1. So which of R638, R609 ends up being modelled with pLDDT under 95 and open to solvent by 60 Å² or more (accessible area, probe 1.4 Å)?
2. I need the full set of residues from segment 332-348 which are surrounded by 15 or more Cβ atoms within 10 Å (Cβ to Cβ) and more than 16 Å from the ligand (Cβ to nearest atom), in order please.
3. From the list R186, R147, R153, pick out the single residue that is within 13 Å of V209 (Cβ to Cβ) and either aromatic (F, W, Y) or more than 14 Å from the ligand (Cβ to nearest atom) (or both).
4. Could you give every pair whose Cβ atoms fall below 7 Å, whose first residue belongs to segment 33-62 and is at pLDDT 80 or above, and whose second residue is away from the ligand (no atom under 16 Å from the Cβ) and of a type in the set (K, R), counting only separations of at least 6 or pairs across chains?
5. Could you list, ordered by first residue, the pairs with Cβ atoms under 6 Å in which the first is in segment 558-586 and closer than 26 Å to Y651 by Cβ and surrounded by 13 or more Cβ atoms within 10 Å (Cβ to Cβ) and the second is modelled with pLDDT of 90 or more and of a type in the set (D, E, K, R), at least 6 apart or interchain?
6. Of the numbered conditions (1) more than 19 Å from D488 (Cβ to Cβ); (2) polar (S, T, N, Q); (3) under 41 Å from the mean Cα position of the chain (by Cα), S561 satisfies every one except a single condition; which is it?
7. Which condition number does L269 fail, the rest of (1) within 29 Å of P698 (Cβ to Cβ); (2) of a type in the set (A, V, I, L, M, F, W, C); (3) open to solvent by less than 20 Å² (accessible area, probe 1.4 Å) being met?
8. Do you know which residues across segment 456-510 are open to solvent by 60 Å² or more (accessible area, probe 1.4 Å) and free of Cβ contacts under 8 Å to residues at least 24 places away in the same chain?
Amino acid sequence: PAMQQRLVVVSNRLPITVRRSSTGLRVERSSGGLVAAMGPAMEQLGGVWVGWPGARLKPGEERALSEQAQGYALASVDLRDSHVRRYYRGLSNRTIWPLFHSLLDRTDLDRRNWETYEAVNRLFAEVANEVAGPDDLIWIHDYHLLRCADHLRELRPGGRIAFFLHIPFPPFDVYRVMPWYREVLRGLLASDVVGFHSSGYVTNFLDCVERLLGVRVDRQTGQVEHGRRTVEAGAFPLGIDYAPFAQLAEQGPRALEGREQVVLGVDRLDYTKGIPERIRAFERLLEVHRAHRGQVVLLQIAVPSRTKVTEYQSLKREIDELVGRVNGRFGTSYWTPIRYLYRSIPQARLAALYRDASVALVTPLRDGMNLVAKEYVACQVDEPGVLILSRLAGAAETMHEALLVNPYNIDSVADALHRALTMPREERQARLLALQRRERRHDVHQWLRGFLASASSPRDALRPVGSGDFEAWLGAFLAGWNGALFLDFDGTLADLVDHPDAAAMRPEMRAALARCAAREDLDVGIVSGRSLESIRKRVGLEDLIYVGNHGLEMAGPGIASFVHPDTRHFEARAGEIARALAEIDVPGVWVEEKGVSLTLHYRECPPERHDEVAKRGREIIARMGFQPRGAHCAVEARPPIGWDKGQAVLYVLRELHGPGWSEVIRVIYVGDDETDEDAFQALSGLGATFRVGDASRPTRARRRLSGVDAVRVLLEWLADRPRQT
Ligand code: ADQ
């Protein structure tokens, strides 16, 4: 049997919030959907919950806090005031929250907030890593901690990490507004499983990952190729703790007196919940359907939330005024149309209110899931009530028997309200029974089992890249065109090895490359940092264009042999630098002289000395007037000539096809190295570009390929295509 795996939950808030006042510590249950979902789960499973307690604890107080949790341990993350301001109120609640709810007008962008968010996410990762055993599953929750898994992955490369997002994942066009979109996606992909409430969010996520990181995704299985790891994205729609809720509703005494029909709204006071729009819709009902006047009441219960964020303060004022206006306009001496409570309600009382209300009006402008809709359904143990639900809540994806509305369209919500208030009993019952059956079965326990099973089971790797992928990516781009294919050598055509003399293409790669070169509709060029001589010998094929020394030397069919005119000025200097670098006297370090440029290699020296060697090498190179550039376990030294792989490729294309080359030829460039970024940049928007390797480094390339094998598949696909021109 497998090692006993414990669960470590990481979320911004602990399930218990501490408030410090003049009279001492006050401890309360935290509000909101996440605690509602995970609280019962942790009581049942045990483990550790890592989070912020809401205030700074003094020594000894942590112990008192832990006594509040039943059946599991608490570990608190200590946040300073500046953390809370920038990470919590700033980036989490004024950037990610509105942006992920597609409310761009409310989205604030501030780089200093981002930096603190990053630092605090690291802090959470460190605490989680400390309390977790080596085999424990670490489950990170929600939008405050989108970067946490990345830091955890550094601390435990092989550990099990899962993530669940409780809010929507926005569509590509909205998501890209986030300046740190790459970092956030990489943060999520550091997990093994990334869970969302609905398949719509999964689609959005995969879209963003594919288009913004260029990594390969499988839409059928939700798998994402992230270097050598496969990450799985999936929909795990959250449910509620159904049975106890229904039971509370069975037991509670009558909660509503009076003969009016009650329309109920229950929310955290949040602008995503559409409370002002809802009040206006109720007002419209009273305007248009006069028969309801005096007969119906809107009971709106709002829990105070994020009260220190300015947007929430102004929302509170707006709602106060709206309620006052509508009550002033329609109220009579014996009837007040809107009753408004600004506070939290104990669960038993809430259940009785749900039960006694005729209609639940759940109209968020956007909501990850929305548990209130589900709680209302569970509590209909008496006369069947009607659920009106926003189409823009995640819950609408499954709860289609509810009356689904567009919360922005006030008239249509008013019409739905009228329909709900006058709906015949048979229809109410039919809709309700269907809703209840689903929610009873898909409750929070089932959700938990499903997610944990997925997070604990071994991952299948994504099927290897195939010709179909290249057909999808490049088929239309190349159709009817001649092509030009440029490839780096080391790390692209040949695996990286300890010593450059040992690098070689496998026979299948060489065969595929030769078949590409033999095609009349395809030019093939090798672009390398090696000297022209060395690269030509390594590849060993005629009929190719060879570009050596990062573009300073070129030769091949169709182009005049080229040596950059400034080269000879720098050859002597290159020799001097080589001698200076030879003074780095560390075993395994050596210098490769390539004429006008050189490379300091340290792959064979002990890993703990890599940083020191690279630093000293860079200093010497820079001091002597060459440009140092990091490569795989090496530092390249290039003469200060404004010429790179990108310019070299453009030069070759001009030589072969004239300045109007983009009218007659389609270009593909494949490379794995930092120096290939120059070519990706030169070709951005002009050609198809692929960076080999995982998504941990940013790239200007359009797509990523996992390794040398994927490059071979590309070459084979190109070689096998029917002639294009
Ligand atoms: P929330 O935005 O907090 O959750 P929701 O899913 O509706 O929204 O959960 C609210 C919870 O708070 C419910 O359990 C409800 O009973 C409780 N609650 C609300 N008002 C209350 C009141 N006045 N008194 C007492 N309790 C009250 C986030 C996402 C949601 C997602 C959940 C869970 O925004 O979309 O459904 O997480 O993932």
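1. Just a single option satisfies the conditions, and that option is R609.
2. Residues satisfying the conditions are W335, T336, P337.
3. R186
4. G47/R6; G54/R19; A55/R19; A55/R20
5. From residues that are closer than 26 Å to Y651 by Cβ and surrounded by 13 or more Cβ atoms within 10 Å (Cβ to Cβ), the pairs are I559/E655; V563/E553.
6. (3)
7. Answer for L269: the failing condition is (1).
8. Across segment 456-510, the qualifying residues are P458, A472, A476, D501, A502, P507.
The values are calculated or read from the model by the stated rules, or taken from the named source; none is laboratory data. In this text the structure is predicted, and so the values were computed from the model without any measurement. No Cβ is skipped: glycine too gets one built from the backbone with ideal geometry, and neighbour counts run over all protein chains shown. Remember, those area values only see protein heavy atoms, side chains included, never the ligands or the DNA or RNA. Shrake-Rupley method; radii C 1.70, N 1.55, O 1.52, S 1.80 Å.
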